[in-house]
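What follows draws every value from the coordinates through simple rules; no lab data is involved. Nothing here was measured: the structure is a model prediction, and the numbers come from that model. With ideal geometry, Cβ positions are generated from the backbone for all residues, glycine too; neighbour counts draw on all protein chains shown.
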Amino acid sequence: MTIILELEPEVESFLEKRAKAEGCDVQSYLKKLIEKDVNRKRTFDEILAPFRQAVEESGISDDELDSLFTEARKEVFEEQITVDDSRT
């Protein structure tokens, strides 16, 4: 893939210095930076961001959300008891 970037002269100069300090050319340095960013593990906040946004947009209150999760946990617990009872 070929990408063309237009950078301010001071940014380009800084980038060249950073690449040189890493012992490589600018292209290799940028490739390393991009691969590092793309391959990094996402934080818990990043993973939850779409859910948090959906909750916020839904207008559900904290109490309603808490009740929803409490009910879901209760249903899962009751299903687990049913499964365990059917095995005995």
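Quick notes on this structure:
- The loop-placed GluC sites (Glu not before Pro) in the stretch 22-52, going by DSSP, that have at most 14 neighbouring Cβ atoms within 10 Å of their Cβ come out as 22.
- Environment charge at residue 73 (Cβ cut-off 14 Å; Lys +1, Arg +1, Asp -1, Glu -1): -4
- From the largest down, the chain spans 68, 38, 24 angstrom on the principal axes of its Cα atoms.
- The chain: trypsin sites (Lys or Arg not before Pro) falling in loop per DSSP and having at most 13 other Cβ within 10 Å: 40, 41, 42
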